[in-house]
Amino acid sequence: MSHYEGHAFRPHYLLAVDPKQLIESIYKYSSVPEWVEEQVRTTPFVVVRRGLATGQEIPIGVRGAERNQRWAAFCHPTLAKSIITPPQLLGRTVSTSRRDATPALCALDLLKERWMDLDRPWGPGGSVGFELATGSHVAKLGSDLDIVLYARRRITADEAKSLCARAMDLPAVVDIRVETLVFGFSLWEFASDRPAAILMRAPNEVMLGTDPWAMNSQSWIRMTRL
């Protein structure tokens, strides 16, 4: 997580950026795919990705029109004109015809009803989040519904199982990513009855652990650096 002028840039946040300045800054990289410049000009939004951040750089990702078009880079915090968080996107809507034609968008509307009593910040990420933020029709017929759930305080096993149960039998597959102050992990894995250790993603490494809210390393098993 990076901070700039009182703002925290967390994974899955979307940033509206100045396209000209971003394009100028990314050409410091030795290899930029051809589609990146056009994408930034037409849709000047980037997503904050998981990674080590400093006061001078935010790890970002540029999303292209195709599934295989994803490009990782860094940008200075001042290039962000505005920040859009997944919870803010719950208030965005699409046309009825667009929703009915896109299972993931329909699934989000149903999940909002099922999770109405949830008192934790959450919202859509992935293609659905990007579409709601930008207005670009990037969610496809077969797109999953990616959900980001921010959990500063611990989620109990019963709460995790209840949330997962209510996310089943929807028009699209729902992938729920939990973000603590340190780690990201799958709620489905956390709620399962398999062994206690789960895959936890830190800014610069992936590890197995039993407690994604722990600030010490006693319950971590480091696997690899990213």
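Compare SER136, SER97, SER25 in a GNM of the chain, Cα atoms joined below 10 Å, and give the one with the largest fluctuation.
SER97
Of all trypsin sites (Lys or Arg not before Pro) in the stretch 99-206, which ones are in loop regions per DSSP and have a Cβ with at most 16 other Cβ atoms within 10 Å?
Working: sites: ARG99, LYS112, ARG114, LYS140, ARG152, ARG153, ARG154, LYS161, ARG166, ARG177, ARG201; in loops: LYS140, ARG152, ARG153, ARG154.
Answer in residue order: LYS140, ARG152, ARG153, ARG154.
Round to a whole number: what % of the accessible area of the stretch 126-174 belongs to carbon and sulfur, probe 1.4 Å? Don't jump to the answer; show the numbers that get you there.
Numbers: 1210 of 2290 Å².
With neighbouring chains kept in place, the figure for the stretch 126-174 is 53 percent.
In whole Å, how far is the Cα centre of the stretch 63-102 from that of the stretch 141-179?
Cα centroid to Cα centroid, the span is 19 Å.
Could you give the dipole magnitude of the stretch 55-183 about its Cα centre, charging the beta-carbon of Lys and Arg +1 and that of Asp and Glu -1, in debye to the nearest 20? Numbers along the way, then the final one.
Details: 17 positive and 15 negative charges, 44 e Å.
The dipole magnitude comes to about 220 debye.
Could you provide, to the nearest whole Å², the per residue accessible area of the chain with probe 1.4 Å?
Values: 11600 Å² over 226 residues.
Computed with neighbouring chains in place, this is 51 Å² per residue.
The values are calculated or read from the model by the stated rules, or taken from the named source; none is laboratory data. Note that the structure is a prediction, hence the values are computed from the model and not measured. Cβ coordinates were reconstructed from backbone atoms using ideal geometry, including for glycine residues, and neighbour counts include every protein chain displayed. Protein only, heavy atoms only, side chains kept; ligands, DNA and RNA dropped before computing areas. Shrake-Rupley method; radii C 1.70, N 1.55, O 1.52, S 1.80 Å.
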